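S.K.: Pasting in a structure now, in structure tokens, and then I'll have a few things to ask.
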Amino acid sequence: MCGIVGAVAQRDVADILVEGLKRLEYRGYDSAGVAIVGHDDSLNRVRRLGKVQELADALKSEPLAGGTGIAHTRWATHGAPSESNAHPHTSNETIAVVHNGIIENHNELREKLQQFDYQFTSETDTEVITHLVHHELKTASSLMEAVQKTVKQLEGAYGTVVMDTRDKERVVVARSGSPLVIGYGLGENFIASDLMALLPVTRKFSYLEEGDVAEITRFDVTIVDKDGNSVEREAKESEVSHDAGDKGEYRHYMLKETYEQPTAIRNTLEGRLSGSQLNVDTFGAGADEIFKEIEHVQIIACGTSYHSGMVARYWLEAHAGVSCNIEIASEFRYRKSHVPKNALLVTISQSGETADTLAALRLAKDLGYKASLTICNVAGSSLVRESDLAFMTKAGAEIGVASTKAFTTQLVGLLMMTLALGKHNGMSEAKQAEIAHSILTLPNKLEEVLALAAPIEALAEDFADKHHALFLGRGDQYPIAMEGALKLKEISYIHAEAYAAGELKHGPLALIDAEMPVIVVAPQNDLIEKLKSNVEEVRARGGLMYVFADSKANFASDETMKVIDVPLCDDIIAPIVYTLPLQLLSYYVAIIKGTDVDQPRNLAKSVTVE
């Protein structure tokens with residue numbers, strides 16, 4: 001969500017900070033700001049509502065010089081989007097702070113600080129950190145000690161960076177529940193909430209762990225853990241090479257990433273699946289020994305990742321012979337649950353920093369799960385570091401808020417997990433070979449689907465004046481209908497719902513009329529005749545239908561139904577294949593509606609707060 005960039009260098013850092021913020025724009029934000037300690041030790045700050053470019057333009061007319069600075073993009077939680085609520089926040093013209101997360105006890109801390117005559121100029125929870133540090137510095141021996149005393153008083157989540165004009169050769173950072181990464185340079189060091197921000201200036205990074213507090217100077221990084229013990233966090237060279245500013249020939253990142261899916265899946269499969277042979281070690285060292293003992297899988301995820309987990313439940317129970325539950329992370333973490341014998345906890349997240357999913361993993365460690373596995377796209381993320389096993393999807397950087405290639409590569413990873421578990425639970429070698437062959441056909445099948453872009457774009461015209469839509473699917477296509485509805489509402493702002501088609505008679509039929517388009521995913525499978533009956537229920541009530549089906553399903557276009565022919569594919573990969581037409585539909589409807597496709601209102605790419 002919010003983005004943080006900081007630097008301690010000999011050179012002027014304003015341009016580095018602003019470029020870092022631009023590389024974090026995909027995360028979602030409403031305002032941006034920068035604070036720099038000037039060469040005369042003054043605290044200089046510029047904040048702007050809106051895009052980072054507004055801040056960049058302001059700095060052109062009001063340049064800030066100095067080698068120590070912090071910058072931030074804010075996604076509003078406490079207080080509406082405004083310049084006064086934008087970060088960095090300051091105290092007494094000496095302390096500046098940027099912060100990701102939510103301070104849950106900010107009201108009590110605000111009241112305490114007001115008793116010491118601190119004046120608040122914003123509605124944010126962050127400002128209490130600023131004044132607390134200033135207050136603690138009255139008795140602390142260093143900025144590091146003051147920050148350590150401050151964070152002990154905070155309840156909630158924070159990734160925060162603190163700067164003091166009276167000690168301008170250093171910044172102090174603290175992490176609890178919100179990610180921070182340190183970037184190492186030559187005679188300069190950096191901090192950010194995502195290494196993407198720092199790729200122009202360094203390739204060497206280390207991640208702070210929960211409870212860490214670190215002091216960063218030009219030449220040194222000192223880290224202490226939550227108990228105050230000095231620790232080392234391994235620094236590694238990053239292989240990420242994505243240029244976040246390059247859309248190539250595409251109008252939007254979402255369209256680019258939609259078309260990247262065949263390549264992304266080839267990357268996901270490379271070195272992992274050859275013929276019918278699955279390299280189980282791709283899930284981590286010792287994965288095969290762990291999988292031998294697994295009798296149950298509990299999947300935890302949010303949003304799009306939750307939908308991929310729903311599909312996996314069908315695969316695991318039907319093909320691997322392993323029972324499976326899937327639950328939204330924010331629900332799982334706040335209820336008492338029973339852990340079956342020899343259960344594997346599987347978390348799914350594009351970023352690996354999703355706050356509720358990460359909290360659920362930490363909770364699960366105390367509940368008795370046999371092991372934990374994460375399906376993730378970001379190496380070095382918190383979920384990857386804290387799980388026993390990890391499957392990296394290798395989708396590459398995904399910039400659009402509405403997930404495309406991250407979702408389909410998650411599905412590929414989950415299908416490979418189904419293979420890995422199935423071989424220990426009675427799946428025949430012939431069945432393993434059949435599934436493996438189907439997976440290997442995916443990239444070419446998806447390229448065939450992408451060739452349908454023109455008729456889907458034409459279909460989208462029908463949605464120009466629509467405000468509601470209904471998606472239907474059965475079996476493992478029901479989660480795909482849910483994902484299609486999510487995509488449409490995310491980027492076109494059309495209210496969309498998804499139902500298992502068999503549920504129509506239990507309420508949704510009341511919504512059907514000529515103004516409610518009904519989108520149906522209908523591959524030829526064992527449920528097709530049942531689905532056709534549901535379609536007739538809609539037709540009988542004057543509904544207008546848009547059906548994505550293969551030729552064997554035998555749907556024909558007429559005045560009440562438009563049919564898009566989807567390439568034939570094996571049943572087991574149909575959920576992945578049928579995802580792409582719905583992505584394209586949502587994209588082209590959003591274009592017609594004139595919305596911000598890559599950064600839809602009120603949403604963020606990486607949800608790092610509860």
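The values are calculated or read from the model by the stated rules, or taken from the named source; none is laboratory data. Remember, it's a predicted structure, so these values are computed and weren't measured experimentally. As a convention, Cβ positions derive from the backbone with ideal geometry for all residues, glycine included, and neighbour counts pool all protein chains shown.
S.K.: Can we say Leu358 is of a type outside the set (Ser, Thr, Tyr), within 13 Å of the chain's Cα centre (by Cα), modelled with pLDDT under 90 and not in a strand (DSSP E or B)?
M.R.: The answer is yes for Leu358.
S.K.: From the list Leu49, Leu21, which residue is aliphatic (A, V, I, L, M) and either touching a residue at least 60 places away in the same chain (Cβ under 8 Å) or within 15 Å of Ala192 (Cβ to Cβ) (or both)?
M.R.: The match here is Leu21.
S.K.: Checking Thr217 against (1) surrounded by fewer than 24 Cβ atoms within 10 Å (Cβ to Cβ); (2) closer than 17 Å to Ile103 by Cα; (3) of a type outside the set (Phe, Trp, Tyr), which test does it fail?
M.R.: (2)
S.K.: Only one of (1) assigned to a helix (DSSP H, G or I); (2) without any contact (Cβ under 8 Å) to a residue 24 or more places away in the chain is not met by His134, so which one is it?
M.R.: With respect to (1) assigned to a helix (DSSP H, G or I); (2) without any contact (Cβ under 8 Å) to a residue 24 or more places away in the chain, His134 is out only on (2).
Yes/no per residue for (1) closer than 13 Å to Tyr578 by Cβ; (2) within 22 Å of the chain's Cα centre (by Cα); (3) surrounded by fewer than 24 Cβ atoms within 10 Å (Cβ to Cβ); (4) at pLDDT below 95:
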{"site": "Leu459", "(1), (2), (3), (4)": "no, no, yes, yes"}
{"site": "Asp462", "(1), (2), (3), (4)": "no, no, yes, yes"}
{"site": "His467", "(1), (2), (3), (4)": "no, no, yes, yes"}
{"site": "Met482", "(1), (2), (3), (4)": "yes, yes, yes, no"}
{"site": "Ala485", "(1), (2), (3), (4)": "no, yes, no, no"}
{"site": "Glu497", "(1), (2), (3), (4)": "no, yes, yes, yes"}
{"site": "Leu504", "(1), (2), (3), (4)": "no, no, yes, yes"}
{"site": "Gly507", "(1), (2), (3), (4)": "no, no, yes, yes"}
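S.K.: Okay, moving on. Please enumerate the residues belonging to the range 555-585 that are under 23 Å from His319 (Cα atoms) and assigned to a helix (DSSP H, G or I).
M.R.: Hits for the range 555-585 are Asp571, Ile572, Ile573, Ala574, Pro575, Ile576, Val577, Thr579.
S.K.: Can you tell me which residue among Glu327, Glu331 is farther than 20 Å from Ala287 by Cα and free of Cβ contacts under 8 Å to residues at least 24 places away in the same chain?
M.R.: The conditions single out Glu331.
S.K.: Something else now. Can you tell me which residues in the range 376-391 are touching a Ser or Thr at 6+ places or on another chain (Cβ under 8 Å), in contact (Cβ under 8 Å) with a residue 60 or more places away in the chain and not small (Gly, Ala, Ser)?
M.R.: Scanning the range 376-391 gives Asp388, Leu389, Phe391.
S.K.: Could you tell me whether Ile328 is of a type in the set (Val, Ile, Thr), within 26 Å of Asn267 (Cα to Cα) and modelled with pLDDT of 90 or more?
M.R.: no
S.K.: Please list, ordered by residue number, the strands (runs of 3 or more DSSP E) wholly in the range 176-252 having 3 or more residues that are under 24 Å from the mean Cα position of the chain (by Cα).
M.R.: 181-184, 189-192, 204-207
S.K.: I need the full set of residues from the range 48-85 which are buried (at least 23 other Cβ atoms within 10 Å of the Cβ) and under 23 Å from Tyr26 (Cβ atoms), in order please.
M.R.: Across the range 48-85, the qualifying residues are Val52, Leu55, Gly69, Ile70, Ala71, His72, Thr73, Arg74, Asn85.
S.K.: Quick check on this structure: which one of Ile294, Ile290, Ile265 is at pLDDT 90 or above, outside any helix (DSSP H, G or I) and surrounded by 14 or more Cβ atoms within 10 Å (Cβ to Cβ)?
M.R.: Ile294
S.K.: Using beta carbons and a limit of 7 Å, which pairs, at least six apart or on different chains, have the first residue in the range 251-271 and under 23 Å from Ile592 (Cβ atoms) and touching a residue at least 60 places away in the same chain (Cβ under 8 Å) and the second one among the acidic types (Asp, Glu) and surrounded by 19 or more Cβ atoms within 10 Å (Cβ to Cβ)?
M.R.: So the pair list comes out as His252/Asp598; Tyr253/Asp598; Met254/Asp598; Glu257/Glu398.
S.K.: Being touching a strand residue (DSSP E or B) at 6+ places or on another chain (Cβ under 8 Å) and surrounded by fewer than 17 Cβ atoms within 10 Å (Cβ to Cβ) is the requirement here; does Ala556 meet it?
M.R.: When the stated conditions are applied, Ala556 passes them.
S.K.: Let me spell it out: the conditions are (1) surrounded by fewer than 21 Cβ atoms within 10 Å (Cβ to Cβ); (2) over 15 Å from Leu580 (Cα atoms); (3) polar (S, T, N, Q), and Asn444 meets all of them except one. Which number is the exception?
M.R.: Exception for Asn444: condition (2).
S.K.: A further question on this structure: Looking only at the range 423-444, how many residues end up being part of a helix (DSSP H, G or I) and small (Gly, Ala, Ser)?
M.R.: 4
S.K.: Just the residues that are touching a Lys or Arg at 6+ places or on another chain (Cβ under 9 Å) and either on the phi > 0 side of the Ramachandran plot or at pLDDT 90 or above (or both), please, taken from the range 542-569.
M.R.: Within the range 542-569, Tyr546, Val547, Asn554, Pro567, Leu568, Cys569 qualify.
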